[in-house]
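Below: one structure, written as structure tokens.
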Amino acid sequence: MLALNRFRVLALVLVLSSGQVQADDRAELLDAARLTINSARYAALISLDHTGQPRSRTVDAFPPDENFVVWVATRPVTRKVEQIRNNPKVTLYYWHAETRSYVSIMGMATIVDDESVKVAMRRDVDTDKLYPRFPVDYLLIKIQPIVLEGVLPGYRGDSKTWAPSRVLF
């Protein structure tokens, strides 16, 4: 919480009408987004079904890497895999109630079924109980960010339009 308060005090918010932050604030906004993501723990992964209806489910996503690429482990037979194969546009949504903050990462998802990648990336939480036939029943979804939006400590967005702060990748 102390780190989040630091952003409230130190951040100079230079938000354009679109909500996109100035280049000087990009690193601080991404730091605040990373703190919110790590504090939120779980995300909602939103994909589109065959009718175009958004579908959401809770996922235990990997922490974002230095470029905000996020990975999600799943089974090959899940609806999200079929939906992503039909339309790779997805959103990850993280909500942190304590700070009333959120982060949305909108991007393009890729299904990764490479055995060497799956073995290298498997986490302790990806247990045999969840994936008893690992690596056969284990897939990875790689989400390449296009836009990150958030209402974060120090970055509350536009007070008139409520547009969140935004970073383009």
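The values are calculated or read from the model by the stated rules, or taken from the named source; none is laboratory data. Quick caveat: nothing in here was measured; it's all calculated off a predicted structure. Cβ sites come from the backbone with ideal geometry, for glycine too, and all protein chains shown count toward neighbours.
The table below gives the values:
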quantity	calculated
Hey, Ile84 hydrophobic (A, V, I, L, M, F, W, C) and more than 13 Å from the chain's Cα centre (by Cα) or not	yes
Sole exception among (1) in contact (Cβ under 8 Å) with a residue 12 or more places away in the chain; (2) part of a loop (DSSP other than H, G, I, E, B); (3) hydroxyl-bearing (Ser, Thr, Tyr) for Thr110, by number	(2)
Boolean, Val125 is of a type in the set (Val, Ile, Thr), under 20 Å from Ile37 (Cβ atoms) and under 17 Å from the mean Cα position of the chain (by Cα)	no
Residue check for Lys118: basic (Lys, Arg), touching a Ser or Thr at 6+ places or on another chain (Cβ under 6 Å) and either surrounded by 18 or more Cβ atoms within 10 Å (Cβ to Cβ) or touching a residue at least 40 places away in the same chain (Cβ under 8 Å) (or both)	no
Pairs with Cβ under 6 Å, 6+ apart, first in region 127-138 and touching a residue at least 12 places away in the same chain (Cβ under 8 Å), second of a type outside the set (Phe, Trp, Tyr)	Tyr131/Asp137; Pro135/Glu115; Pro135/Lys118; Asp137/Arg75; Tyr138/Lys118
Odd one out for Lys129, checked against (1) buried (at least 18 other Cβ atoms within 10 Å of the Cβ); (2) assigned to a loop (DSSP other than H, G, I, E, B)	(1)
Unique match (being touching a strand residue (DSSP E or B) at 6+ places or on another chain (Cβ under 9 Å) and either under 18 Å from Gln144 (Cα atoms) or modelled with pLDDT under 95 (or both)) among Thr78, Thr74, Thr58	Thr74
Looking only at region 67-113, and only at residues there that are more than 15 Å from Leu45 (Cα to Cα) and of a type in the set (Gly, Ala, Ser), the one that is surrounded by the fewest Cβ atoms within 10 Å (Cβ to Cβ)	Ala97
Any hit, region 132-153, residues being loosely packed, with under 14 Cβ neighbours inside 10 Å, modelled with pLDDT of 95 or more, in a loop (DSSP other than H, G, I, E, B) and hydrophobic (A, V, I, L, M, F, W, C)	yes
Test result for Lys160, of a type in the set (D, E, K, R) and farther than 22 Å from Ala44 by Cβ	yes
